[in-house]
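Undergrad: Handing you a structure now.
The values are calculated or read from the model by the stated rules, or taken from the named source; none is laboratory data. Since the structure is predicted, the reported quantities are computational estimates derived from the model, not experimental observations. Glycine also receives a Cβ, built like all others from the backbone with ideal geometry; neighbour counts cover every protein chain displayed. The area values use the complete protein model at the heavy-atom level, side chains included, leaving out ligands, DNA and RNA. Shrake-Rupley method; radii C 1.70, N 1.55, O 1.52, S 1.80 Å.
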Amino acid sequence: MQGAQQLPSPNCDERSPGCAPELLVIHNISLPPYRYGGAGVEQLFSNRLDPDEHPYYQGVHQLRVSSHFFIRRDGRLLQFVPAGKRAWHAGVSSWRGREKCNDFSIGVEMEGCDFEPFSEAQYRTLAALSRELRRALPLSAIAGHEHIAPGRKTDPGPWFDWRRAQADSGLGF
């Protein structure tokens, strides 16, 4: 993605045959939890998270996860996985009766948590990103991790402005 800082993650693979990205999945993440601006997310997605750096990291440093994109609080866009590849962001998931959402989705992590609003800069970056992705990919819908993994995930949470994200992206549920 043009304008995104490129930080390649090893945590990706080829999409299943015939699977093109149709769904934009929104997440939230902060590492350590509720702290912004650090290198924790980048380290997690590149398998370099030091378990001794923070007590929370001891339980997550061995995870092999990634997302296509990460939007910082200040609106900076980072890209970990090319859109043509499968990022490992959704886990056990289902959307409109289809399992394994990683096969047919693009994952976007918003730096944040379930308990506070996202920034104006993040929404502006998400709008620009989603419009660019729609020009290049057959995206038809936007959903949260909470929608594709209900009962297991709660992000992006109640503070995420779905009406705005839908209007900005041109994507519905």
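Undergrad: Ignoring any ligand, DNA or RNA, what whole percent of the accessible area of the stretch 44-173 comes from carbon and sulfur when the probe is 1.4 angstrom?
TA: That share works out to 52 percent.
Undergrad: Sticking with this structure for a sec: For the chain, what number results from the quotient of the Cα radius of gyration and 2.2 N^0.38 Å?
TA: 0.95
Undergrad: Within the chain, what percent of beta bridges assigned by DSSP are antiparallel, to the nearest 5?
TA: If I count the DSSP bridges inside the chain, around 30 percent turn out antiparallel.
Undergrad: Quote the charge dipole size of the stretch 99-153 about the Cα centre in Debye, to the nearest 20; the model charges only the Cβ of Lys and Arg (+1) and of Asp and Glu (-1).
TA: 280 debye
Undergrad: Give me the one-decimal Kirkwood hydrodynamic radius in Å for the stretch 1-69, with the sum taken over alpha-carbon pairs.
TA: Computed over the stretch 1-69, the radius equals 13.7 Å.
Undergrad: Now for a separate question. Given only helices, namely DSSP H runs of n ≥ 4 each adding -39500 (n - 2.57), what is the per-residue ellipticity at 222 nm of the chain, to the nearest 500 deg cm²/dmol?
TA: For the chain, the value works out to -5500 deg cm²/dmol.
Undergrad: Kindly write out, for the stretch 43-57 in residue order, the coupling ³J(HN,Hα) from the Karplus curve 6.51 cos²θ - 1.76 cosθ + 1.60 (θ = phi - 60°), rounded to whole Hz, with x marking Gly and Pro.
TA: 5, 4, 6, 10, 6, 10, 6, 7, x, 8, 6, 7, x, 4, 5
Undergrad: Here is a further query. Go through the stretch 25-54 and name the chymotrypsin sites (Phe, Trp or Tyr not before Pro) that are in a DSSP coil and have 13 or fewer other Cβ atoms within 10 Å of their Cβ. It would help to have the intermediate numbers written out before the result.
TA: Values: sites: Tyr34, Tyr36, Phe45; in loops: Tyr34, Tyr36.
Filter output for the stretch 25-54: Tyr34.
Undergrad: Tell me, what is a quarter of the convex hull surface for the C-alpha atoms of the stretch 69-108, in nm² with one decimal?
TA: The directionally averaged projection comes out at 3.2 nm².
Undergrad: Please identify the chymotrypsin sites (Phe, Trp or Tyr not before Pro) of the stretch 83-160 that satisfy two criteria: DSSP loop assignment and at most 15 other Cβ atoms within 10 Å. Which are they?
TA: Phe115, Trp159
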